[in-house]
Amino acid sequence: MESQVSPLLQLLLAHVFFFSFLLIVSLFVIFSVLVHFTKQRVYCNCDICSAYLSSSWSKEFNNLCDWYTHLLQKSPTQTITIHVLNNTITANPHNVEYILKTRFENYPKGKPFSTILGDFLGRGIFNVDGDSWLLQKKVASLELASISIRTYAFDIVKNEIESRLVPLLSSSAAGGSKNNNNILDLQEVFRRFSFDNICKFSFGLDPCYLASSLPISLFAKSFDVASKLSAERAMAALPLVWKLKRLFNIGTEKELKKAIKIVNVLAMEVILQKRELGFSTNQDLLSRFMNCIKDDNHLRDIVISFILAGRDTMASALTAFFLLAHHPEVVSKIRAESDRAMEGHDQKFASYNQIREMHYLHASVYECLRLYPPVQFDSKFAQEDDVLCDGTFVSKGKRVTYHSYAMGRMENIWGSDFLEFKPERWLKNGTFCPQNPYKYPVFQAGARICLGKELALVEMKMVALSVVSKFDVEVVEPKGAPWFDIGLTAMVRGGVQVLVKERERSDISPQ
């Protein structure tokens, strides 16, 4: 009898435990939903929130950023609020300066942001505030400002251009001269190019992602998945959904966890290898940080953050350049400026100083980033109740977003020709003249201004000059304004299909 009762008791206890667990989970979900509803106006019926929740905006606009731009252009204050997201969005330069400079301490990245990206970026510089951010900023500022690191970065980019990018484009051009069906996805090329560069710069590791065979990289693929799925978290109107999926390890959160694990394993292998073999004489960013930070997990977070910042942002910027700068008059002026700078010099590649003196090229890059910034918006979270310069009230804990993409399309900032690709707007008597950074926050501004700004600009100009001087690039698709994928950076859906041709001129200057 005992032997029969014991299994029955075990079965009964198992059922009691299971249903108790379901009850606890259900109560937790109900409680979380109620808390969320009290914080956000999930059922707001205003026109903007209704359009957002129903996606009716997509009937008129291809991209969410274009709809936001439309709303901000119509707003008297260039500020709107999406109540269901508890998010105030602004394209007002006075507000941007107030957020990024005047009341910087009241607008940190915030816990909600660090929670969204925490699994992927951990305690990296782009995901923390306070002392941790200050320490990483101090170390990174010293390292990135040094002549040695700039020389190291310049040599890495130069080698990648000469040994992989130019040969790949030449091969495509040779095929294209015989058959115009030889179309190349330039965005994918630049993603591979940027990944090689940033891995060599950050890790001292060459993934050979732009090798002629265009190999598949597990690290790059996992990095893409982690970046995309982390961005989808930020777009969720109800964050509770992804948090529950993470709790039960299902759906996209299961996929995200798997991708992050692969990234972490490969990153830690590099760190441990450097510790074993020594790193004091290495020039890459990881080796430089290892001299002052001993926690390997923290090092992983730092380097992954820099790869995220330097990979897709550069690929996005370069792609946008060739979407816009195919105007014949712009290309001709860039080539003429290069010819003047290189005249009388027997060299195959422009030097760092020569590139810095090419003001029209610099203006073209800035104009490209005005219309298509790699990071279309950036958000902060208010620590305390506040009022923005335009009179908009911001409650404690509210998300506040400045929209760089929209700001590049505001008539009151750039004039009636704001949609024109016009490098001349940045020039005065042929010399580049920077604008107020708070009306052009492409690199952020204030205390959190992009530390790698100068390195990024030099790399972008090196690539643009190398391609323009040797090739004619014709955009096949998209024909009109691009559609963007959901992500932390602006990537064109379906890529950018181009036809590459060798320049017909016989007197191409060496570059």
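The values are calculated or read from the model by the stated rules, or taken from the named source; none is laboratory data. Keep in mind that this is a model prediction, so the values were computed, not measured. Positions of Cβ are generated from backbone atoms using ideal geometry, with glycine treated the same way; all protein chains shown enter the neighbour counts. Side chains are part of the model used for accessible areas, which takes the heavy atoms of the whole protein and leaves out ligands, DNA and RNA. Shrake-Rupley method; radii C 1.70, N 1.55, O 1.52, S 1.80 Å.
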Q. Looking only at the range 486-511, which residues are modelled with pLDDT of 90 or more, open to solvent by 60 Å² or more (accessible area, probe 1.4 Å) and on the phi < 0 side of the Ramachandran plot?
A. 493, 501, 502
Q. List, please: which pairs have Cβ atoms under 7 Å, are six or more places apart or on different chains, and start with a residue in the range 198-226 that is of a type in the set (Phe, Trp, Tyr) and end with one that is in a helix (DSSP H, G or I) and open to solvent by 40 Å² or more (accessible area, probe 1.4 Å)?
A. 219/266
Q. What number of residues within the range 364-405 satisfy the criterion of being open to solvent by less than 10 Å² (accessible area, probe 1.4 Å) and touching a His at 6+ places or on another chain (Cβ under 9 Å)?
A. 1
(Q) Regarding the range 230-242, can at least one residue be identified that is within 26 Å of residue 323 (Cβ to Cβ) and among the β-branched types (Val, Ile, Thr)? (A) no
Q: Within the range 328-358, track down each residue that is in a helix (DSSP H, G or I), open to solvent by 50 Å² or more (accessible area, probe 1.4 Å) and within 15 Å of residue 458 (Cα to Cα).
A: 352, 353, 356
Q) Filter the range 207-232 for residues that are in contact with a helix residue (DSSP H, G or I) (Cβ under 6 Å, 6 or more places away or on another chain) and not in a helix (DSSP H, G or I); which is most open to solvent (accessible area, probe 1.4 Å)? A) 207
(Q) Can you tell me which residue is farthest from residue 480 (Cα to Cα) among those in the range 377-425 that are over 27 Å from the mean Cα position of the chain (by Cα) and hydroxyl-bearing (Ser, Thr, Tyr)? (A) 395
**Q.** Neighbours by Cβ (under 6 Å, 6+ apart or cross-chain): first from the range 84-103, assigned to a helix (DSSP H, G or I); second open to solvent by 40 Å² or more (accessible area, probe 1.4 Å) and of a type in the set (Lys, Arg)
**A.** 93/439
Q: Would you check if residue 115 is closer than 21 Å to residue 200 by Cα and either open to solvent by less than 20 Å² (accessible area, probe 1.4 Å) or polar (S, T, N, Q) (or both)?
A: no
Q.
I need a count of the residues in the range 473-485 that are more than 24 Å from the chain's Cα centre (by Cα) and surrounded by fewer than 18 Cβ atoms within 10 Å (Cβ to Cβ).
A. 2
Q. Quick one: in the range 426-455, which of the residues that are assigned to a helix (DSSP H, G or I), of a type in the set (A, V, I, L, M, F, W, C) and open to solvent by 30 Å² or more (accessible area, probe 1.4 Å) is farthest from residue 361 (Cα to Cα)?
A. 447
Q.
Condition (residue is among the β-branched types (Val, Ile, Thr), in a helix (DSSP H, G or I) and either in contact with a Gly (Cβ under 8 Å, 6 or more places away or on another chain) or in contact (Cβ under 8 Å) with a residue 12 or more places away in the chain (or both)) applied to the range 172-186: is it met by at least one residue?
A. no
(Q) Given the criteria open to solvent by 30 Å² or more (accessible area, probe 1.4 Å) and out of contact with any strand residue (DSSP E or B) (no Cβ under 8 Å at 6 or more places or on another chain), does residue 158 qualify? (A) yes
